[in-house]
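K.L.:
Dropping the structure in here first, questions after.
The values are calculated or read from the model by the stated rules, or taken from the named source; none is laboratory data. Owing to the predicted nature of the structure, the values given are computational and were not obtained by experimental measurement. Neighbour counts are summed over all protein chains in view; Cβ atoms, including those assigned to glycine, are modelled from backbone coordinates with ideal geometry.
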Amino acid sequence: MVRPNTFSMTALLALLTAFGPVATDMYVPSLPEIGRLLGADPAAVQLTLSAYLIGFAVGQVFYGPLSDRLGRKPTLLLALVLFCVASFICAVAPTIETLIAARALQALGGSGAIVLARAIARDLYSGERAGRELSRMGAVMSFAPVIAPLVGGVVQSEFGWRANFIIIVAIGAATTLITWRSLPETRPRDTARPAAFVDSLRPFRKLATDRAFTAHLGIIACTYAGLFAWISGSPFVLQDLYGLSPLRFGIAFAAACVGAIAGAAIASSLVMRIGLDRTIGLGVLALAVGGLAMVASLALGAAPVPSIVLSMTVYHAGIMLAMPQAIAGAMSPFPDCAGTASSFVGLAQQTSAATVGTIVGHLLGQSVWPLAGSVALMGCLAFAVWAGTRRIRANGPMTPNGQTTLAVEGRLTTT
């Protein structure tokens, strides 16, 4: 059994949170080739990404409340098995329509992994300690979007796009085995469990009406939407528009993700010193700077590929500074419904990302501007939400006894 406050626990939770990036980033270099071999246009191929996000959003509505009722481990194992089966269907899909449907099913499984990883982290930690753990998970997990596109580019060049999904099946099966044998049950034993599953969905209303929670949620949604504009648009921009091979695209994509590693490393040491809110502020500032730098460099005629990659490196650093801390800020005041809170966070992430990704997919043609404009807009919106809701987030949510939970420089207190 892995124990709390150990690297093995952090690594296992990071592996679970890496399911989303691995399932997407590994096959991203193959998107143009999938379109050619399955006779699909870029908008249809992009639906394999949007369908994944929609499935991810739908799945997260149920996994959190279900785990609050039945326990983290059995719910997680169910999700992992579904992920493996759907990944195999992706590998053998004969048409783009089958691949789109299988990706949605794959997401229904994969969403459980990340929801429950966050819920387990909240079971074990709170406040800045939760923020640091989520940042450490992010530091380990951030290697996934660096390595996955490199591996995907090589596999695409040597074996074709289907081989990438076979590798994903193998990763999923190994993770299922490790989870089954090593992960303890972490749900608090004294957590009240509703008599009926429908009752376990009621905390969604409490969360939706909490202004501090929804303020954090806005930051998370904007941050993730900008990231997905990059994920969905970059294969077509860098390969079709600027002529990169799948392998060279994988290298460029991985280079941009190096910023996430740096951001996660900085956040994990910084958050305990300056608190959640200031760390989020530094992150959203980096998001805005990265997005605006991309727009400015393209407008000024700078070398497109290096300027795009460098701008996204800054944006990725901002993601890891802002998003784990915003998730911790959103979830920490709600230990009694951590699973549901994690589901709500994931629902906001995936819905915003699916919307922006679909828009970028339909606007992409022979221009980089839909990609650059979306990244810049989402980065600036994240900064605006953070700046405009500081007082709301500082006041915090109301506790059951009528006290107010305050987040003073990220430290949770009650009055």
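K.L.:
Considering only region 56-72, I want to know if a residue exists there that is buried (at least 24 other Cβ atoms within 10 Å of the Cβ) and of a type in the set (Asp, Glu).
P.N.:
Yes - at least one qualifying residue is present in region 56-72.
Here is a yes/no grid of residues against (1) within 30 Å of Leu238 (Cβ to Cβ); (2) surrounded by fewer than 21 Cβ atoms within 10 Å (Cβ to Cβ); (3) under 16 Å from the mean Cα position of the chain (by Cα):
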| residue | (1), (2), (3) |
| --- | --- |
| Ala18 | yes, no, yes |
| Asp41 | yes, yes, no |
| Leu80 | no, no, no |
| Cys90 | yes, no, no |
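K.L.:
Another question, then. Which condition number does Ala302 fail, the rest of (1) closer than 30 Å to Ala40 by Cα; (2) outside any helix (DSSP H, G or I) being met?
P.N.:
Among (1) closer than 30 Å to Ala40 by Cα; (2) outside any helix (DSSP H, G or I), Ala302 violates only (1).
K.L.:
Yes or no: region 207-217 includes at least one residue that is in a loop (DSSP other than H, G, I, E, B) and free of Cβ contacts under 8 Å to residues at least 24 places away in the same chain.
P.N.:
yes
Residue by residue, here is whether (1) of a type in the set (Ser, Thr, Tyr); (2) at pLDDT 90 or above; (3) part of a helix (DSSP H, G or I) holds:
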{"position": "Gly20", "(1), (2), (3)": "no, no, yes"}
{"position": "Thr24", "(1), (2), (3)": "yes, no, yes"}
{"position": "Ile54", "(1), (2), (3)": "no, no, yes"}
{"position": "Val58", "(1), (2), (3)": "no, no, yes"}
{"position": "Leu66", "(1), (2), (3)": "no, no, yes"}
{"position": "Leu77", "(1), (2), (3)": "no, yes, yes"}
{"position": "Leu82", "(1), (2), (3)": "no, yes, yes"}
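K.L.:
While we're looking at this one, here's another question. Please find, among Gln325, Gln350, the residue that is modelled with pLDDT under 85, buried (at least 23 other Cβ atoms within 10 Å of the Cβ) and in a helix (DSSP H, G or I).
P.N.:
Gln350
K.L.:
Then there is this: Give all pairs with beta carbons closer than 7 Å in which a residue from region 310-339 that is farther than 17 Å from Leu285 by Cα and of a type in the set (S, T, N, Q) meets a residue that is in a helix (DSSP H, G or I) and modelled with pLDDT under 95; count only pairs at least 6 apart in sequence or on separate chains.
P.N.:
Listed pairs, sorted by first residue: Ser332/Gly127; Ser332/Ala130.
K.L.:
Would a scan of region 27-48 turn up a residue that is modelled with pLDDT of 85 or more, farther than 25 Å from Phe228 by Cβ and in a helix (DSSP H, G or I)?
P.N.:
No, because not a single residue in region 27-48 is modelled with pLDDT of 85 or more, farther than 25 Å from Phe228 by Cβ and in a helix (DSSP H, G or I).
K.L.:
On to the next question. Looking at Ala293, Ala341, which is the one that is under 24 Å from Asp277 (Cβ atoms) and among the aliphatic types (A, V, I, L, M)?
P.N.:
Step by step, each of Ala293, Ala341 is checked, and only Ala341 is under 24 Å from Asp277 (Cβ atoms) and among the aliphatic types (A, V, I, L, M).
K.L.:
Among the residues that make up region 93-113, is at least one of them of a type in the set (Gly, Ala, Ser), surrounded by fewer than 24 Cβ atoms within 10 Å (Cβ to Cβ) and over 15 Å from Phe56 (Cα atoms)?
P.N.:
Checking region 93-113: at least one residue is of a type in the set (Gly, Ala, Ser), surrounded by fewer than 24 Cβ atoms within 10 Å (Cβ to Cβ) and over 15 Å from Phe56 (Cα atoms).
K.L.:
Identify the single condition in (1) surrounded by fewer than 23 Cβ atoms within 10 Å (Cβ to Cβ); (2) β-branched (Val, Ile, Thr); (3) at pLDDT below 85 that Ile251 does not satisfy, given that it satisfies every other one.
P.N.:
Tallying (1) surrounded by fewer than 23 Cβ atoms within 10 Å (Cβ to Cβ); (2) β-branched (Val, Ile, Thr); (3) at pLDDT below 85, Ile251 fails exactly one: (3).
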